[in-house]
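Take a look at the structure set out below.
The values are calculated or read from the model by the stated rules, or taken from the named source; none is laboratory data. Every value quoted in this text rests on a predicted model; they were computed, and no experiment measured them. Virtual Cβ from ideal backbone geometry, glycine too; neighbours counted across all protein chains shown.
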Amino acid sequence: MNLLDNIRIVLVNPMFGGNLGSICRAMNNNGITDLAVVDPRPDMDMDEARKFSCNARAQLEARKEFSTFEEAIADCTVVAATSARTGFYRDTSYTPREFAPVALESAKDHKIALVFGREDKGLLNEELAMCSHIIQIPSSDLYTSLNLSHAVYVCCYEIFSATGIFEPSEESAPEADAALRERMFGMWREMMIETQFVHDQKLDHMMMGLRRIFNRGKLTVPDCKILMGLAKQSMWVADQWKKNRSD
Ligand code: SAH
């Protein structure tokens with residue numbers, strides 16, 4: 001069962017099509033697909049909404065519309081209001097990161113809602129009163145109120161991250177073994193001699209430095225091949241140079 005299917009994003013009376021479109025995209029970026037719009041404005045610029053939704057156009061079309069807030073949250077257990085303002089019991093608020101496990105726990109058995117307010121006035125106190133939790137997104141005192149779609153993004157992102165579904169991509173190239181590494185170091189040693197980069201007395205010291213640099217991260221087979229190619233080419237150039245001088 002996909003817990004994210006039980007997360008509903010509720011937008012109360014949003015104003016701007018651009019935000020609605022961006023929200024569809026933000027939801028899909030984070031695997032969330034249940035969108036409810038309460039009291040949609042008849043004059044909302046839907047061309048803009050389509051434009052900003054990009055490849056989440058189907059999400060935009062799949063939104064459900066409700067005339068009242070009560071209807072949009074009726075089947076949800078946890079109903080979390082989001083608010084940038086302080087006061088009205090907001091001192092018990094959660095950050096999106098703190099709220100994410102609460103959301104996922106409840107989503108095992110029930111629909112839950114995250115509620116977002118109007119761009120100009122936020123959520124009304126009557127609406128906040130109907131919510132079981134309050135989420136406040138940490139922000140600088142310079143400007144505490146986020147753009148509506150950004151606020152949706154942050155909340156969806158924290159819930160998506162908390163599912164652990166996403167696994168960061170890892171280096172797929174095989175790691176170089178000692179034999180290949182030593183061949184590469186051998187070629188670099190030779191290159192430093194051929195190009196007269198160091199004198200004999202300093203060679204071992206320089207090699208230790210190089211080993212330290214190259215072993216700082218994980219050396220892969222393609223890494224070693226690049227380094228060996230560079231050494232080979234440098235030795236060829238040094239050889240040409242010596243031949244030209246003796247001509
Ligand atoms: N001027 C309005 C701002 C509304 S911003 C006000 O004072 O409330 C639109 C919506 O984005 C808000 O209703 C809320 O749902 C969300 N939002 C914006 N900044 C937020 C923050 N720092 N924390 C939580 N939600 C935020």
Residue list for the range 130-148, restricted to those being more than 8 Å from the ligand (Cβ to nearest atom) and either under 17 Å from LEU114 (Cα atoms) or in contact with a Ser or Thr (Cβ under 8 Å, 6 or more places away or on another chain) (or both): MET130, CYS131, SER132, HIS133, ILE134
Just need a number here: residues in the range 164-183 that are surrounded by fewer than 17 Cβ atoms within 10 Å (Cβ to Cβ) and in contact (Cβ under 8 Å) with a residue 12 or more places away in the chain. 6
Please go through (1) more than 13 Å from the ligand (Cβ to nearest atom); (2) under 23 Å from THR163 (Cβ atoms); (3) touching a strand residue (DSSP E or B) at 6+ places or on another chain (Cβ under 8 Å); (4) touching a residue at least 60 places away in the same chain (Cβ under 8 Å) for ASN30 and return the number of the only condition it doesn't satisfy. (3)
Looking at the range 64-93 only, could you name the residues that are within 15 Å of the ligand (Cβ to nearest atom) and surrounded by 18 or more Cβ atoms within 10 Å (Cβ to Cβ)? PHE69, ALA72, ILE73, VAL79, ALA80, ALA81, THR82, SER83, SER93
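Let's see how each residue does on (1) in the same structural domain as LEU123 (by TED's automatic domain parsing); (2) among the basic types (Lys, Arg):
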position: TYR143; (1), (2): yes, no
position: ILE159; (1), (2): yes, no
position: SER169; (1), (2): no, no
position: GLY186; (1), (2): no, no
position: GLU194; (1), (2): no, no
position: LYS202; (1), (2): no, yes
position: MET206; (1), (2): no, no
position: VAL221; (1), (2): no, no
Taking first residues from the range 104-124 that are basic (Lys, Arg) and second residues anywhere that are surrounded by fewer than 18 Cβ atoms within 10 Å (Cβ to Cβ) and modelled with pLDDT under 95, the pairs with Cβ under 8 Å that are 6 or more apart or on different chains are LYS108/MET1
Name the pairs: first residue in the range 43-62 and on the phi > 0 side of the Ramachandran plot, second residue assigned to a helix (DSSP H, G or I) and buried (at least 16 other Cβ atoms within 10 Å of the Cβ), Cβ to Cβ under 8 Å, at least 6 apart or on different chains? CYS54/GLY21; CYS54/ARG25
Does ARG211 meet the test of being part of a helix (DSSP H, G or I) and without any contact (Cβ under 8 Å) to a residue 60 or more places away in the chain? yes
Between SER161, SER139, SER145, SER149, which is modelled with pLDDT of 95 or more and surrounded by 20 or more Cβ atoms within 10 Å (Cβ to Cβ)? SER149
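Let me confirm something: among GLY217, GLY229, which residue is out of contact with any strand residue (DSSP E or B) (no Cβ under 6 Å at 6 or more places or on another chain), part of a helix (DSSP H, G or I) and loosely packed, with under 15 Cβ neighbours inside 10 Å?
Working: GLY217 fails: part of a helix (DSSP H, G or I).
Result: GLY229 is the single residue among GLY217, GLY229 that is out of contact with any strand residue (DSSP E or B) (no Cβ under 6 Å at 6 or more places or on another chain), part of a helix (DSSP H, G or I) and loosely packed, with under 15 Cβ neighbours inside 10 Å.
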Return yes when LEU11 is at pLDDT 95 or above, under 20 Å from VAL79 (Cα atoms) and more than 14 Å from the ligand (Cβ to nearest atom) and no when it is not. no
What number of residues in the range 178-200 are under 46 Å from the mean Cα position of the chain (by Cα) and in a helix (DSSP H, G or I)? 15
